[in-house]
Amino acid sequence: MLKATLNFFRANYKRLALLALFSLVIYGSFLLLSYVTNPAQTARIFAGRTGFLFNTLIFVVESVITHYILIFVLILPVMRKQRSFRSAVIIGLLFFIVKFAYDHTFFLMERAAQAREMADSTPAALPEDKMKWVLIMSYVFILIASFSVALLIEWVHKGRERIMLEKDKTEAELKALKHQINPHFLFNSLSFIYGKVIKVDKETADSILMLANIMRYALGKNTRVDGTVNIMDELEHMKNVVEINQRRHNHQLNIGYDEQIDDQSTSIVPLVLITLVENAFKHGDLHDPAYPLRIRINTCVDELTFDISNKKGKGLKELSNGIGLQNIRQQLNLTYGNRSEFFIDESETHFSVSLKITFTV
């Protein structure tokens, strides 16, 4: 327990320090407002029976705990789709009920103690019914303040993500420029081999041409200004990947393909679908007719869905030189945000991926 607490403070000390500073600003604002309104009662109200410093410490600790739970446990996870809105509301209501019970009980105990100490009959504090409303209004203020801070944190987080994306893009462009000679040399070599082989073996020559086209596509020749490609280009080269792998295995692979393209103007981040298909060839067993590789894609005006599933292969897997599944998830998140859904379902024998992109906000 002690070790877990120390680890929590090590990981979150910056957040806690900022929340403590934020709480002191709020406390100071209330103190100043009280002094301007009624200087005579300010010392009695804020010092109470336990002293000004102790009351300030209690307020800061309680405020830090409250804001941390609201911001980092409830509001931000909902914004980032890590927690459902319904569960956040339920947890938030339970939290405020417990907080209200604690604050109200503390108020009653404080009022009773003050009443015993006072010699006259002057009321020691606000009436109980008014205090309930004061607590409720303070909770509304706390909720608004926490939501505002959460929005600011998320705005800063998104800004950092955009900066990192631009940096990665710049680095990728520099690497592409440094290695620009390699693709040209490779394409020229493939064209030379194609010209020699086509006279002897047309199928092999066609395979060489398909490979050259796939590599040219992978280098971004069809990429638009916004970094996407037309869905028909992606599907064309995805089918070329399928065909090349079929030829490698003498057309013995079992593959089921289904597409329904209602909107051919749809655009998508390049190589995502191709990488998922390539991953199935590298790590799947596609020789069992009972469990073929299944690929299904549907597009409409505002949505794209892609599903792929395969039986897992056994033994040594081929080395992967494509984009990993985690990188695909990150790329989708950076490009589409919460408008993309990427699910992986894995068992002992089967592996499947489901992708959904919504194009309208």
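Here are some notes:
- The residue pairs whose first member lies in the range 199-220 and is modelled with pLDDT of 85 or more, whose second member is open to solvent by 90 Å² or more (accessible area, probe 1.4 Å), and whose beta carbons are closer than 8 Å, counting only pairs six or more residues apart or on different chains, do not exist in this structure.
- Listed by first and then second residue, the pairs linking a residue in the range 23-41 that is among the aromatic types (Phe, Trp, Tyr) to a residue that is modelled with pLDDT under 75 and assigned to a helix (DSSP H, G or I), with Cβ atoms under 8 Å apart and 6 or more places separating them unless they lie on different chains, are Tyr35/Thr42.
- Residue match in the range 1-11 (condition: under 27 Å from Met109 (Cβ atoms), open to solvent by 90 Å² or more (accessible area, probe 1.4 Å) and either at pLDDT below 80 or in contact with a strand residue (DSSP E or B) (Cβ under 9 Å, 6 or more places away or on another chain) (or both)): no
- Filtered by the rule that a residue be surrounded by 16 or more Cβ atoms within 10 Å (Cβ to Cβ), touching a Lys or Arg at 6+ places or on another chain (Cβ under 8 Å) and modelled with pLDDT of 90 or more, the range 319-359 gives Ser340, Phe342, Phe351, Ile357.
- Residue list for the range 55-113, restricted to those being of a type in the set (Gly, Ala, Ser), more than 22 Å from Leu152 (Cβ to Cβ) and over 17 Å from the mean Cα position of the chain (by Cα): Ser87, Ala101, Ala112, Ala113
The values are calculated or read from the model by the stated rules, or taken from the named source; none is laboratory data. Fair warning: this is a prediction, and the values are worked out from it, not measured in the lab. FYI the Cβ positions are ideal-geometry reconstructions off the backbone, even for glycines, and counts take in every protein chain you see. Just the protein is used for accessible areas: all its heavy atoms, side chains included, with ligands, DNA and RNA removed. Shrake-Rupley method; radii C 1.70, N 1.55, O 1.52, S 1.80 Å.
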